[in-house]
Every structure is written in C-alpha cells, then in structure tokens.
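Q: Mind looking over this structure? Questions follow.
The values are calculated or read from the model by the stated rules, or taken from the named source; none is laboratory data. In this text the structure is predicted, and so the values were computed from the model without any measurement. All Cβ positions, glycine included, derive from the backbone under ideal geometry; neighbour counts span all protein chains shown.
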Amino acid sequence: MRAYPSIGGIRTVADFKTHLAALHLSIPCDEDLQAGPDSPLALPIRFDRKLIGNRFCIHPMEGWDGTADGKPSEATIRRWRNFGLSGAKLIWGGEAVAVRHDGRANPNQLLMSENNKSGLADLRDEVLRAHREVMGTTDDLLIGLQLTHSGRFSRPNQKTKPEPRILYHHPTLDARVGVDHTYPLLTDSEIREVIENFLSAARIADELGFDFVDIKHCHGYLGHEFLSAHTREGLYGGSFENRTRFLREITAGIRAVAPRLHLGVRLSAFDLVSFRPNPEQTTKDHMGVGIPDRYESFLPYRFGFGVNADSPEQYDLTESRRFLSLLRELDIKLVNLTAGSPYYNPHIQRPALYPPSDGYQPPEDPLVGVARQLEATRLLKQEFPDLILVGTAYTYLQEFVPYVAQAAIREGWADSIGLGRMVLSYPELPLDVLNGRVLAHKKICRTFSDCTTAPRNGLASGCYPLDSYYKQSADAVTLKQIKAAKRTG
Ligand SMILES: Cc1cc2nc3c(=O)[nH]c(=O)nc-3n(C[C@H](O)[C@H](O)[C@H](O)COP(=O)(O)O)c2cc1C
Ligand code: SF4
C-alpha cells in the first residue's frame, strides 16, 4: 500500500518547493509573503459596477444541518457567520440550496421556498454582520447563493435512501445509486418544471438582496449531468447546444424575472471515470487504493464532461473551453472552477491524505490532484482573461496555502483563491494572511475528511477534529463509534 508524505511534516517553503520538484509538479509558490494593501491577495477585482475587495473566495459548503423543511439551523447560521469572519470578499453561494424538495441531496439540505425566506435572509445578514465586524465595510463584499438540484444524487427523504432523478443511464454510476436500465429518466417536461423552480428560487434570492446566484454545474449533480448527456435523446441531450439548453433557458428566464441579479456558474471543468477501492486490497480493517471502474467495453467514453473520450483516465478541456465561451456570450462572468465529483472520484475533487468512509486510499499523492486543478484553471484563465475565475483545491496545501495563493494571483493562474475545508477548521485564515499574521498551525485542516465522513453516515458535517463546536458534540461521539466499527468490522 502506498503512503504519501504528509505536508504537515514539511517545515520550510524551500523544502516544499524541493518536494514539488521531486514530484515533477508545477505549482507556483512564492518564497515571501506580502501583507498590506499592495499584496497580490489584497488587490480588488472590478466586477460590473462593484469592486470585490480582495482575492479570497469562500467556496460553498453545506453542513447537512438544515431543518426538515429546509430552514437554516443554529449550526448553519454559525457556519455562515464564520464565512463572514474570514475576511474573504467573495462568498460563493454559502452552500448548495435546493430549488425543490425532490432535488435535495439530503433531508437536511436548505430549500428555497417562500416559507424559508426569512431563514435565508438571516444567513445573508449574518455574513454581512460578521464581515463588517472584522473588515469595517461590506461595500466591496459580493455574496451569492448556490442553487442546485441534486439529480442523480438526490436523497430528499431519508439519508440512506437514494431517490435519483437521472438524465441518462450511466454504465457505472447507475448501480451506485441503486437503479438499472429500466429506471425512468426525467422527461423534457419535468426538466421544464425544474427550470421554473430555478427561476422562482432566483427571484427569491433577488428579493433577499443576494448579489448573484450560482447555477450549479458541478460534482455530478443535475446541472453537471446535463453537460455529459451525450446519449440522451430529445431537446436536452446529444449536441453541445442541447446539453447546455438547461443553462441557457435558466439564464434567459432569470434575466427576465430578476434583471438586477448577477449570475455565476460553478463548473466541474473536467472529470475522469468513476473510481472505487481496489477490492483485492480491501479488508474489514482497511479500504484499498482507488482504481478506476472498468470502462474498456464502452469506449469512446461518452459519459463525462471534460474527459478524454479515448482515454478517460485523462481530462480534456476542449468542451470546457466551449462552455466558457458560451458563458462569455451569455455575459456570465463569475465562474468557479472545480472538478469531478465527491461521490465517484473524490481524489480529483477534494485532494485528501485521509479518505472519507465511502472513498478509497488516494491513488496519487494528493498534491497531484491539487496541481491538476490549478493547471486546468491556469489554462482556462489564459484563454478567458475577461472572466473572473475562482480556483479550487488549495486546502491540501496547508501551511503553504498563502505562498501558493499569492503566487497564483501574481502569475495570473486564477483571479480568486477559493477555500473550502480550510474555512471549516480555520475560518480566519484569509484575514490572518491579509494582515501578515503567523498562521495558527493547530487550526490548519489536515484533510482528515471527517467533514465528509460524518454526512455519509447521516450526521451533520463540520470539522470534528479541530472545531470545538463539533469536537464536543454528541455527533462527535457517534462519529468515533462509526469509525471504530468500520475499522474493526
Ligand atoms: C463538507 C463539505 C461540503 C461541501 N458542500 C459543497 C456545496 O454545497 N457546493 C459545492 O459546490 N461544493 C461543496 N463542497 C466542495 C467544496 O466547495 C470544495 O470544492 C472542496 O472542498 C475542495 O476545496 P478545498 O480543497 O479548499 O476543500 C463541499 C465540501 C465539503 C468538504
Ligand atoms: S474534518 Fe476538519 S481537518 Fe478534516 S478535512 Fe474536514 S475541515 Fe479538514
């Protein structure tokens, strides 16, 4: 079994750079950090008639902790407060909010509805309040709301019961959500209803004062599945034009019902085939290293977006470029680039040294996964200088986040540095970096993946190892028991 060196053991930037060179990875990394207003990370971005006040972005992260009817709980409000306290000037959506009940990824996902308006308003207010406390002003803060339908990965009623809404039959993913070739596909008219739900949700977001909504196209959920619906017949599958009709119809509809509201898209810019733990290495005590599901019998591969059809363990940005050109035509300038899916290839989506309970041991040094996402964003940034591109997968860099982030902005690899897991364990990291403070090492996310393992086992998400709010909770005890039971069979 391969083991990869932990970044926590690397002491200096020079050693980190040596480590990258040994892995033949090209990741930009500055040797010294600049603080103050001239630091690359403190430079504003012009967006429409507004300035986004610095180069940190908080990625959307849901906590599986809303109420049964989709309102935020105390834990949800606390998480959003932390997003505000981070000092980041771009809050990308807060978390995935379902546009209708059957599209919820779990029974505790937030739900857009007239009844839930005041709860959602509280979330935005909490971000504004917290941000004002630490930054003095919210004039240059941009807050979005991520709108989603979970499609294939919907579990609206019970945490353990998939209720997939699928666009086409997938040779490896159907079985993972418990369906076979007889399972019905969403019809074109059902798709039109979902589009209407997106429009209603956008109208509510507009009323609540959100600056933009993200029409989510990533991580295997419905928007993303449209992009790979090559084998679907009818108006929403087949050609590129048909596969992007969902986005185009939502965009046109939102422009009509909420002309003030800006639009953004979070996109899995590339994908690979699905992975699973190597069964030959998997025992009751240990999960095997990730290996790709067999795909040889269905080449060319027509079941992914941004995948090389002849060699689907490699990515291919041809259609991603085309998609970004479409966003440009639609005047959608806010784009958050991510990759793959947490359900079927988590190592490319959120590189981690320790896998979640439904994952597998990393098949590559997680730094390879970081470099892959950074490189894809760099390539797309070169071709789309006029779009605002947020980069993803920085958390695994740990102590070296600021050094890489600063270099990435300075060298034009991305416009904004998106942070996910790091903000769960260490919300004030962006503020500390901007103020030139030494990082609080004990708060740095070490990619233990408990924030993914917990929801996979029906518990709320959160940073159980490092955040006292979760560390001392009853769920923490249950999580320990679940993990111990898995280890001992
Ligand atoms: C607990 C958790 C919840 C997440 N929820 C969402 C979500 O609601 N929407 C989304 O687009 N991505 C979601 N993600 C993915 C993150 O936004 C991000 O892409 C990923 O964690 C990689 O970034 P990082 O390396 O900085 O953590 C989630 C990730 C985690 C760990
Ligand atoms: S549980 Fe905490 S340390 Fe582990 S990956 Fe999530 S945020 Fe990081």
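Q: Go through the range 141-162 and give me each residue that's part of a loop (DSSP other than H, G, I, E, B) and crowded, with 17+ Cβ neighbours inside 10 Å.
A: The answer is L141, H149, S150, S154, R155, P156.
Q: What's the number of the only condition in (1) over 21 Å from the mean Cα position of the chain (by Cα); (2) within 25 Å of Y343 (Cβ to Cβ) that S228 fails to meet?
A: (1)
To keep it simple, each residue is scored yes or no on (1) touching a helix residue (DSSP H, G or I) at 6+ places or on another chain (Cβ under 8 Å); (2) closer than 28 Å to H262 by Cβ.
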residue	(1), (2)
G144	no, yes
Q158	no, no
K161	no, no
I166	yes, no
A175	no, no
I215	yes, yes
H219	yes, yes
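A quick yes/no check of all residues on (1) in contact with a Pro (Cβ under 9 Å, 6 or more places away or on another chain); (2) among the charged types (D, E, K, R); (3) under 23 Å from L261 (Cα atoms); (4) part of a loop (DSSP other than H, G, I, E, B):
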residue: R46; (1), (2), (3), (4): no, yes, yes, no
residue: G63; (1), (2), (3), (4): yes, no, no, yes
residue: D69; (1), (2), (3), (4): no, yes, no, yes
residue: N82; (1), (2), (3), (4): yes, no, no, no
residue: N106; (1), (2), (3), (4): yes, no, no, yes
residue: N115; (1), (2), (3), (4): no, no, yes, no
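Q: With respect to R294, is the statement that it is over 23 Å from the mean Cα position of the chain (by Cα), among the charged types (D, E, K, R) and away from ligand 1 (no atom under 16 Å from the Cβ) true?
A: Yes: the conditions hold for R294.
Q: Against the condition crowded, with 21+ Cβ neighbours inside 10 Å, on the phi < 0 side of the Ramachandran plot and not acidic (D, E), how does S341 come out, does it pass?
A: It is true that S341 is crowded, with 21+ Cβ neighbours inside 10 Å, on the phi < 0 side of the Ramachandran plot and not acidic (D, E).
Q: Can you tell me which residue among N108, N115 is polar (S, T, N, Q) and more than 24 Å from E196 (Cβ to Cβ)?
A: N108
Q: Taking the range 460-475 only, how many residues are surrounded by 22 or more Cβ atoms within 10 Å (Cβ to Cβ), closer than 17 Å to P355 by Cα and more than 10 Å from ligand 1 (Cβ to nearest atom)?
A: 1
Q: Identify all residues within the range 84-101 that are assigned to a loop (DSSP other than H, G, I, E, B) and more than 17 Å from the chain's Cα centre (by Cα); write none if there are none.
A: Across the range 84-101, the qualifying residues are S86, G87, K89, V99, R100.
Q: Let me ask you something else. Across the range 411-458, what is the total count of residues that are surrounded by fewer than 19 Cβ atoms within 10 Å (Cβ to Cβ), in contact with a Gly (Cβ under 9 Å, 6 or more places away or on another chain) and on the phi > 0 side of the Ramachandran plot?
A: So the answer is 1.
Q: Let me ask something additional. Would you list the helices (runs of 4 or more DSSP H) that sit entirely within the range 380-483 and hold 2 or more residues that are more than 15 Å from ligand 2 (Cβ to nearest atom) and within 19 Å of I52 (Cβ to Cβ)?
A: Answer list for the range 380-483: 401-410, 429-434.
Q: Could you grab me the full set of residues in the range 316-358 that are under 24 Å from H170 (Cβ atoms) and at pLDDT below 95?
A: Within the range 316-358, P355, P356, S357, D358 meet the criteria.
Q: Hey, does the range 262-279 have a residue that's under 28 Å from P351 (Cα atoms), surrounded by fewer than 21 Cβ atoms within 10 Å (Cβ to Cβ) and without any contact (Cβ under 8 Å) to a residue 60 or more places away in the chain?
A: Checked against the condition, which is being under 28 Å from P351 (Cα atoms), surrounded by fewer than 21 Cβ atoms within 10 Å (Cβ to Cβ) and without any contact (Cβ under 8 Å) to a residue 60 or more places away in the chain, the range 262-279 yields at least one hit.
Q: Select from the range 247-261 the residues that are in contact (Cβ under 8 Å) with a residue 60 or more places away in the chain and either exposed (fewer than 15 other Cβ atoms within 10 Å of the Cβ) or not β-branched (V, I, T) (or both) and list them in ascending order.
A: L247, R248
Q: Do any residues in the range 450-465 that are over 10 Å from D65 (Cα atoms) have Cβ atoms under 7 Å from those of residues that are part of a helix (DSSP H, G or I) and near ligand 1 (Cβ under 8 Å from one of its atoms), where the two are at least six apart or on different chains, and which pairs are they?
A: Once the first residue is over 10 Å from D65 (Cα atoms) and sits in the range 450-465, its partners that are part of a helix (DSSP H, G or I) and near ligand 1 (Cβ under 8 Å from one of its atoms) give C451/R421; C451/L424; C463/L424; C463/C451.
Q: Does the range 325-359 hold any residues that are acidic (D, E) and more than 30 Å from R46 (Cβ to Cβ), and which are they?
A: D358
Q: Taking into account only those residues within the range 39-71 that are among the basic types (K, R) and at pLDDT 95 or above, which is farthest from ligand 2 (Cβ to nearest atom)?
A: R46
Q: Which one is nearest to R155 (Cα to Cα), of the residues in the range 437-484 that are of a type in the set (G, A, S) and touching a Pro at 6+ places or on another chain (Cβ under 6 Å)?
A: Across the range 437-484, the extreme among qualifying residues is S461.
Q: Could you tell me which of the residues P385, P402 is crowded, with 23+ Cβ neighbours inside 10 Å and more than 9 Å from ligand 1 (Cβ to nearest atom)?
A: Going through P385, P402 in turn, the sole match is P402.
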